[in-house]
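Heads up: the structure comes next, in structure tokens.
All of the numbers you see were taken from the coordinates with simple rules; none came from a lab. What you are looking at is a predicted structure, and each value in this text was computed from that prediction instead of being measured. Ideal geometry is used to build each Cβ from the backbone, glycine not excepted, and the neighbour counts take in all protein chains shown.
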């Protein structure tokens, strides 16, 4: 009996320990989400500001990170003939040059371009941090929860742990991410949800 109590106490301490191994995963997931919102916000601002000068560019260069790198390389649209071969294909570079000639955008001053470049730098820096965080999550998930990672992938697995709070709380894994639907189903006596975070996992 004493052994059982000792094990229960150890489990309780582990659950309450701020240094427990899955705490880092939970924190990393939260930081990734914050970075994602930050990146989207900066990109939106950058596109709005540069769009006054070269509105056609955002339709030609769809990828956000490539877009901010192209903006930094070009600056004023009169420089659209600059070498972009390391950023986009020759066809896209040609489209950019042609669009710059007939662009309906307004003229901007150097200070405007400098401000836009600062926004682009913020996007690139935050994106780099997010990539490093992603690599960290992949390594930690393989080490901490290899079975879960094998089943649903690193990111979905990490989000499951973050939503549950700990690995031990994953017993209710089916309804994680669909709690509102579950409570509504219980209230109206309908079928419980068969989806949630797991819905986004690859088969």
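Remarks
- Peptide packing for 79-86, 111-118 was compared via the average number of neighbouring C-beta atoms within 10 Å per residue; ordered from the highest value, the list is 111-118, 79-86.
- Distance between the pseudo-spin-label points of residue 103 and residue 115 (7 Å out from Cα toward the beta carbon): 1.7 nm.
- Full extension of the chain between residue 41 and residue 150 yields a length gain of 35.9 nm, computed as 0.36 nm times the residue separation minus the alpha carbon distance.
- Over the Cα atoms of the stretch 67-163, the radius of gyration divided by the Kirkwood radius equals 1.22; this is the Rg/Rh ratio.
- Segments 99-110, 127-138, 58-69, 149-160 sorted - mean Cβ within 10 Å per residue, highest first: 149-160, 58-69, 127-138, 99-110
- Contour excess over end-to-end distance, with Cα ends at residue 142 and residue 79 and 0.36 nm allotted per residue: 18.0 nm
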